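A short write-up of the structure that comes next.
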Amino acid sequence: MDKLSTQKRILIGLTLFSMFFGAGNLIFPPFLGSLAGTNTWTAMIGFAVTAIGFPVLGVVSVARAGGFYYLAERVHPRFAYIFTLLNYLSIGPCLAIPRTASTSFEMAVVPFMGDGNPLVAQLLYSAAFFVVAFVVALNPDQLTNRLGKILTPVLLVLIVVIFAGCLIKPPGLYGAPVKEYASAPFVKGFLDGYLTMDTIAALNFGIVISLNIKAMGMKKDAVVVKETIHAGFVAGGILLLVYGALAHVGSTTGGAFGSASNGAQTLNQAVSFLYGKVGLVMLAVVFFIACLNTCIGLISCCSKYFCTIIPGIGYRTWAFIFALSSFVISNIGLTKILEISVPVLNTIYPVAIVLILLSFAFQDGERWRMVYVSSIGITGVVSVLLSLEQAGAKILHQLLLKLPLYAIGLGWIVPALVGVFFGMFLATGRESREV
């Protein structure tokens, strides 16, 4: 066979979607809708560019390059090793995996606890949560059967029920947009989508998706690459539909109850209005499944990566290590870990975006190596400075304030472009000398 059936392609796409769609993805669109009001769909176009477009491009670029490491190797082998390592650590055991347990506990358990001891409850909940995630992640090539066929359809059905409720019995009409959503809805939506940081996750998930494609009988590398790209587009299409539905829920809810303080509050207002206490239970299940799916996906891809760079330790051992360490961090050390990992994440995120875009603009990595080196190098330096400032190094503020787009959190873009043009100058100059 040289291609998957349509049904299997959809299943692989659902699996990839489920790995992307965590609690943050559930919260952002309804919050956007509640604030954007009548400008919701303009804002959603901007949101889709960065929250869907960039991650899909990430999946495609990694698949075409033959893997995340080989994509990053276009800069330098040493850079590829360090960058992929930091990426997997920051998006995995040092940040996202522990947060899946703590976030789902806050959203799915705390509202129903009453006067119980929250510390004991969180300990017991997170233990059970990571045991389930670990057991499912033990067979990464079977995630399609667990996530794509079971958990994700349940998640989507519940979201459809919430969306349908807002269509049949809308809480209110779209309200007036507020703040930046009134003056520049597209730009604001673009920046909101940027903050999901799913582009980094896209670089990691390909390793597990390719395993599931091979488990379906696709052995040729070219076919696996093609089907991985198909999965990226299917996942992107599902994300677009789900984000649109959630944004509509937020818009109608915001019109009735006013702007909420966050997306979780908006969803709580919506399901309470539509379905009462049953709606709150429904929303708790949605949060639980969304967080569990992401946790399973991250444990799987991180474990697969680490058993390739340290082959002396097997996949299942790495999965146990990441599940156990994430359990500990989520209960006793998450705040401290966040202080370290968030600046690292803020540093590598712009670099990841530039690397992905370069892979499309300059496909011949060897010919345009200087473009990769100069643009990634300059972007990396600026991103480090921006992250240091965010972490408290205020001495850098006056210097960074001069960067174009600094005020909207995109101060790295112009330096990256300077790096591209400088690299092109060096590359074409070298070609001229060789001729």
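The values are calculated or read from the model by the stated rules, or taken from the named source; none is laboratory data. Predicted, not measured: the structure shown is a model, and the values here were computed from it. For neighbour counting, all protein chains shown are included, and Cβ atoms are generated from backbone atoms with ideal geometry for every residue, glycine included.
Looking at Val154, Val109, Val56, Val132, just one residue is in contact with a helix residue (DSSP H, G or I) (Cβ under 9 Å, 6 or more places away or on another chain), in the same structural domain as Leu324 (by TED's automatic domain parsing) and closer than 17 Å to Ser210 by Cβ, and that residue is Val56. Region 149-253 holds helices (runs of 4 or more DSSP H) entirely within its bounds, and those carrying 2 or more residues that are at pLDDT below 90, of a type in the set (Gly, Ala, Ser) and crowded, with 21+ Cβ neighbours inside 10 Å map to 198-215. I'd like to know if region 307-324 contains one or more residues that are modelled with pLDDT under 95, of a type outside the set (A, V, I, L, M) and surrounded by 20 or more Cβ atoms within 10 Å (Cβ to Cβ). No: zero hits.
Residue count for region 61-91 under the criterion of being crowded, with 22+ Cβ neighbours inside 10 Å and either within 17 Å of His230 (Cβ to Cβ) or free of Cβ contacts under 8 Å to residues at least 60 places away in the same chain (or both): the result is 3. Considering the conditions (1) in a helix (DSSP H, G or I); (2) in the same structural domain as Gly92 (by TED's automatic domain parsing); (3) of a type outside the set (Gly, Ala, Ser); (4) surrounded by fewer than 15 Cβ atoms within 10 Å (Cβ to Cβ), Ile329 is excluded by exactly one of them, (4). Within region 376-435, the residues that satisfy the criterion of being farther than 17 Å from Ala352 by Cβ, aliphatic (A, V, I, L, M) and touching a residue at least 12 places away in the same chain (Cβ under 8 Å) are Leu385, Leu388, Ala391, Leu399, Leu400, Leu403, Ile408, Val418, Met424, Leu426, Ala427.
Looking only at residues in region 129-188 that are within 21 Å of the chain's Cα centre (by Cα) and β-branched (Val, Ile, Thr), the one that is farthest from Thr252 (Cα to Cα) is Val136.
Entry remark, region 7-24: residues being closer than 15 Å to Ile229 by Cβ and out of contact with any Ser or Thr (no Cβ under 7 Å at 6 or more places or on another chain) number 5 in total.
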